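**Q** Dropping the structure in here first, questions after.
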Amino acid sequence: MSFSELDFQYMQQALALARLAQPISMPNPAVGCVLVRDGIVIGQGHTLPVGNDHAEVQAVKDCLAKGNDLKGATAYVTLEPCSHYGRTPPCALRLINEGIGRVVIACLDPNPLVAGRGVRMLEEAGVKVEVGLCEDEAWMSNAGFMTRMVKKRPWVRLKVAMSLDGQTALTNGVSQWITGAEARQDGHRYRARSGAIVTGIGTVLADDPQMTVRLGDVVAQRQPLKVVLDSTLKMPLDAKILQGQTLIVTCDDQTQKAQKLRELGAEVVSLPSDGGKVDLSALLDELGRREINDVHLEAGAVLNGAFLDADLVDELVVYMAPKILGAGRGAFDIAKLTSLGGVRSWHVRSFERVGADLKIILTKR
């Protein structure tokens, strides 16, 4: 299918709007919509928090509020308009009723309630539909939602900050700070767009982290679910991570310690054991049932390695500082390999400077 340079520009504008929705739309996908008529943008919008307007409806309302005419306009939308009644009415029907003449869709929706039905609804009403403009970028902008719809589990993003020689801390455990303030702030933006932040009890015992979203001096209004893997419930009762919504995942929740943690406000659940540790596949299944789209993994080398060895990491976000630490603590404690044929390769999505540091994003896809 052939798209023009203007089509590309308008879809890029819709993708920028979708990024604004990422911290607020979950568990719904983050979608952007731009309405264009006679070469002029007449309305735009993005997904609002769950239960509120989707991107298409926001764009329509924006257009009408400005007194613009929608008849025959083109809608650029980053994900297939929904076709079913859920928390809100179908967006495809709203576009039809407003007289939209053409809809350009970046990516089809794998949700079984949609999955091509939005396109069919539009086409049966006489609307011209074109699909596939900036498809890969649109898919990645909603990787968590897409993964949960297809695999019934979240997208797992592993974030790590390291030196040039791959160390995350000195041998004595000191790690604050290898990377600069800009990189740390950028990391908080990934937290903000995640449904859950996952770490291990080893990190809690070593660093006593808060694991919250803090952008500048502002603590975000919406905080992701904090998830701690703690198979034998070593969690200190005064740990900072217990402040706020915290899920502690163990292999035995019928203990006096579990009850004390619940009294402090934490949720404690037991999942199957894998060699004495929480089964990571069972963990992701549980988070998928909770409608978590994106998991942001911030952990130590052991848990990082366990996720990698289980082939459960979808994306790596690596912040690399221009420093050499020498002996220290590595980022990934993975099973030893005997040949290079067993090494997993990653696709480099992007790399950029963040302050004085380098950020590299890698995926399997």
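The values are calculated or read from the model by the stated rules, or taken from the named source; none is laboratory data. Note that the coordinates shown come from a computational prediction; the quantities given were computed from them, not determined experimentally. No Cβ is skipped: glycine too gets one built from the backbone with ideal geometry, and neighbour counts run over all protein chains shown. Just so you know, the surface numbers come from the protein's heavy atoms only, side chains and all, with ligands and any DNA or RNA stripped out. Shrake-Rupley method; radii C 1.70, N 1.55, O 1.52, S 1.80 Å.
**Q** Is it the case that THR78 is within 19 Å of CYS107 (Cα to Cα), without any contact (Cβ under 8 Å) to a residue 40 or more places away in the chain and of a type in the set (Val, Ile, Thr)?
**A** no
**Q** Additional query: Determine which single condition ALA299 fails, assuming it passes every other condition in (1) hydrophobic (A, V, I, L, M, F, W, C); (2) over 20 Å from VAL174 (Cα atoms); (3) buried (at least 20 other Cβ atoms within 10 Å of the Cβ).
**A** Going through (1) hydrophobic (A, V, I, L, M, F, W, C); (2) over 20 Å from VAL174 (Cα atoms); (3) buried (at least 20 other Cβ atoms within 10 Å of the Cβ) one by one, ALA299 breaks only (2).
**Q** Quick check on the stretch 302-340: of everything there that is β-branched (Val, Ile, Thr) and in a strand (DSSP E or B), which residue is surrounded by the fewest Cβ atoms within 10 Å (Cβ to Cβ)? Explain how you work it out, then say what you get.
**A** Of all residues in the stretch 302-340, those β-branched (Val, Ile, Thr) come to 302, 313, 317-318, 324, 334, 338.
Next, only the ones that are in a strand (DSSP E or B) stay: 317-318.
On the way: VAL317: 21, VAL318: 19.
Step by step, filter the stretch 302-340, then rank; the result is VAL318.
**Q** Just checking, which of VAL268, VAL348, VAL318, VAL295 is touching a Leu at 6+ places or on another chain (Cβ under 6 Å) and closer than 24 Å to ASP136 by Cα?
**A** Answer to the selection: VAL348.
**Q** A follow-up question, please. Being over 30 Å from the mean Cα position of the chain (by Cα), open to solvent by 10 Å² or more (accessible area, probe 1.4 Å), closer than 19 Å to THR47 by Cβ and free of Cβ contacts under 8 Å to residues at least 60 places away in the same chain narrows it down to one residue among LEU64, LEU93, LEU113; which is it? Walk me through it before giving the result.
**A** Details: LEU93 fails: over 30 Å from the mean Cα position of the chain (by Cα); LEU113 fails: over 30 Å from the mean Cα position of the chain (by Cα).
Of the residues listed, the single one that is over 30 Å from the mean Cα position of the chain (by Cα), open to solvent by 10 Å² or more (accessible area, probe 1.4 Å), closer than 19 Å to THR47 by Cβ and free of Cβ contacts under 8 Å to residues at least 60 places away in the same chain is LEU64.
**Q** Which residue out of ASP7, ASP69 is within 20 Å of VAL127 (Cα to Cα), of a type in the set (Asp, Glu), assigned to a loop (DSSP other than H, G, I, E, B) and over 23 Å from the mean Cα position of the chain (by Cα)?
**A** ASP69
**Q** Any chance you could count how many residues in the stretch 167-196 are within 23 Å of ASP357 (Cα to Cα), of a type in the set (A, V, I, L, M, F, W, C) and within 23 Å of the chain's Cα centre (by Cα)?
**A** Selection size over the stretch 167-196: 3.
**Q** On to the next question. In the list VAL34, VAL50, VAL57, which residue meets the criterion of being in contact (Cβ under 8 Å) with a residue 24 or more places away in the chain, in a loop (DSSP other than H, G, I, E, B) and either of a type in the set (S, T, N, Q) or closer than 28 Å to GLY195 by Cα (or both)?
**A** Among VAL34, VAL50, VAL57, only VAL50 is in contact (Cβ under 8 Å) with a residue 24 or more places away in the chain, in a loop (DSSP other than H, G, I, E, B) and either of a type in the set (S, T, N, Q) or closer than 28 Å to GLY195 by Cα (or both).
**Q** Return the residues of the stretch 221-261 that are loosely packed, with under 15 Cβ neighbours inside 10 Å and closer than 19 Å to ASN293 by Cβ; say none if nothing qualifies.
**A** GLN221, ARG222, GLN245
**Q** Within the stretch 177-219, count every residue that is at pLDDT below 90, surrounded by 15 or more Cβ atoms within 10 Å (Cβ to Cβ) and in contact with a Lys or Arg (Cβ under 8 Å, 6 or more places away or on another chain).
**A** Total satisfying the criteria: 1.
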